[in-house]
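> One structure, as structure tokens, below. Some questions next.
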Amino acid sequence: MKMCPTIAEALTLGGDKLAVDGVVLVGEHGHYEKNEMGQTKYPRYEFFEAIVDVFRKSGRSVPIFNDKHLSWKWEWARKMYDTSREMGFAFQAGSSLPVTWRTPSVEMPMGARIREALSVCYGGVDSYDFHGLETIQCMVERRRGGETGVKWIQAYRGADFWEALRSGVWSRELMDSALCRSHTLMPARAGFNDIFPSVEEMQRLVKDPVAYHYEHTDGLKCTMLLLSGLIRDFNFAAYMEGQSRPWSTQMYLPMPDGRTTLANFFSPLVNHMEKMYLTGKAQYPIERTLLTTGLTAAGVESLYRKGAKVETPHLAIRYQPTKESTYWRT
């Protein structure tokens, strides 16, 4: 690969006009400041603006893939979305979680009636929380009526998390169902007895639990749980009408082990990027990542405000999912 000193030179190959067929925007490799809420000020928006500046000067555009969420700042994320629509280029973004393998290999039925949904995952705030939200959203967007947007979100951390769990803010049955899909559930005690942890045992294992609990405008309630120390994977569960038991699966990320396994979960993501570049059409809705970007920012804000409920009228984002499944099958 040729390294260029500026985005403009990379896109024009050193000339005066756009000279590439597509753009991959990855704006996280480097050392960046954090704001007062702890958000890393990744320069995705600034990179995006430099890209579309070349588009405007060239009088044409090409598809853009933006890795992960659009921006740490909602107003900038919304502007990126609006610019893509105004200029008419394909815009795709997000996590590898919606398109990686699943175990079991199942898809949420189109038009399903979902009463509550939940993801259990690991990692930090303003990073892996986004992946957990994408895990939920790629499933619930397929419910009856499609996506309607989110009206509020509330975060729980530390002691508030355990109190919310005990008081039933989210379903313990759904949480357990998602945990049962994990391949990395940490044994709570030695021996051949039942190692599924009690709440007290979870408290010993998980030092910094975080939950984002939120309600969609059609009444669906969802919860994203970060349980580092208990698991190291991403799992989903939901209550669906017509099912007597929770519906669940794992978004499978085969990780490198230093010998034979490759971090191959990037392959499904790259496959969808390539299809977009070849067809000029996004393979799944950019509105999904616009919504999860806003949810991530609002969840961080709720944590910063000591767990206050954050109203999100700006996230009244309506869209329909693709009819075709976009995850990879074994």
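> Name the residues in segment 137-177 that are of a type in the set (Val, Ile, Thr) and farther than 30 Å from Glu324 by Cα, would you?
Taking segment 137-177 as the starting set, the residues that turn out to be of a type in the set (Val, Ile, Thr) are 140, 148, 150, 153, 169.
Residue satisfying the conditions is Val169 alone.
> Follow-up question, since we're still on this one. Do we have Val20 as under 18 Å from Gly88 (Cβ atoms), at pLDDT 95 or above and surrounded by fewer than 14 Cβ atoms within 10 Å (Cβ to Cβ) here?
It is true that Val20 is under 18 Å from Gly88 (Cβ atoms), at pLDDT 95 or above and surrounded by fewer than 14 Cβ atoms within 10 Å (Cβ to Cβ).
Yes/no matrix, rows are residues, columns are (1) on the phi < 0 side of the Ramachandran plot; (2) within 13 Å of the chain's Cα centre (by Cα); (3) outside any helix (DSSP H, G or I); (4) charged (D, E, K, R):
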| site | (1), (2), (3), (4) |
| --- | --- |
| Glu49 | yes, no, no, yes |
| Arg56 | yes, no, no, yes |
| Ala77 | yes, no, no, no |
| Gly123 | no, yes, yes, no |
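> Further, regarding this structure: Restrict the check to segment 153-160 and report whether at least one residue is touching a Phe, Trp or Tyr at 6+ places or on another chain (Cβ under 8 Å), crowded, with 22+ Cβ neighbours inside 10 Å, free of Cβ contacts under 8 Å to residues at least 60 places away in the same chain and outside any loop (DSSP other than H, G, I, E, B).
Within segment 153-160 (the criterion being touching a Phe, Trp or Tyr at 6+ places or on another chain (Cβ under 8 Å), crowded, with 22+ Cβ neighbours inside 10 Å, free of Cβ contacts under 8 Å to residues at least 60 places away in the same chain and outside any loop (DSSP other than H, G, I, E, B)), the answer is no, since none of the residues qualifies.
> Hey, any hits in segment 248-259 for a residue that's part of a loop (DSSP other than H, G, I, E, B), crowded, with 20+ Cβ neighbours inside 10 Å and touching a residue at least 12 places away in the same chain (Cβ under 8 Å)? Let's see the steps before the verdict.
Let us first name the residues in segment 248-259 that are part of a loop (DSSP other than H, G, I, E, B), namely 253-259.
Now restrict to residues that are crowded, with 20+ Cβ neighbours inside 10 Å: none.
Scanning segment 248-259 turns up no residue that is part of a loop (DSSP other than H, G, I, E, B), crowded, with 20+ Cβ neighbours inside 10 Å and touching a residue at least 12 places away in the same chain (Cβ under 8 Å).
> Do we have Glu134 as in contact with a Lys or Arg (Cβ under 7 Å, 6 or more places away or on another chain), within 19 Å of Thr326 (Cα to Cα) and not basic (Lys, Arg) here?
In short, no.
> Shifting gears a bit: Across segment 23-45, what is the total count of residues that are of a type in the set (D, E, K, R), at pLDDT 95 or above and either touching a helix residue (DSSP H, G or I) at 6+ places or on another chain (Cβ under 9 Å) or part of a loop (DSSP other than H, G, I, E, B) (or both)?
So in segment 23-45, the residues of a type in the set (D, E, K, R) come out as 28, 33-34, 36, 41, 44.
Now drop any that are not at pLDDT 95 or above, which leaves 33-34, 36, 41, 44.
With either touching a helix residue (DSSP H, G or I) at 6+ places or on another chain (Cβ under 9 Å) or part of a loop (DSSP other than H, G, I, E, B) (or both) added as a condition, the list becomes 33, 36, 41, 44.
So the count comes out to 4.
> Out of curiosity, is Gly307 surrounded by fewer than 19 Cβ atoms within 10 Å (Cβ to Cβ), at pLDDT 95 or above and closer than 16 Å to Thr223 by Cα? Working first, answer last.
Numbers: surrounded by fewer than 19 Cβ atoms within 10 Å (Cβ to Cβ): yes; at pLDDT 95 or above: yes; closer than 16 Å to Thr223 by Cα: yes.
Here the answer is yes, as Gly307 does meet what is asked.
> Which condition breaks for Val270 when tested against (1) under 21 Å from Val99 (Cβ atoms); (2) in the same structural domain as Met202 (by TED's automatic domain parsing)?
(2)
> Which ones in segment 79-121 are over 20 Å from Thr326 (Cα atoms) and either outside any strand (DSSP E or B) or polar (S, T, N, Q) (or both)?
Within segment 79-121, Lys79, Met80, Tyr81, Asp82, Thr83, Ser84, Arg85, Glu86, Met87, Gly88, Phe89, Arg113 qualify.
The values are calculated or read from the model by the stated rules, or taken from the named source; none is laboratory data. In this text the structure is predicted, and so the values were computed from the model without any measurement. Counting neighbours? That spans all protein chains shown, and the Cβs are built from the backbone with ideal geometry, glycine included.
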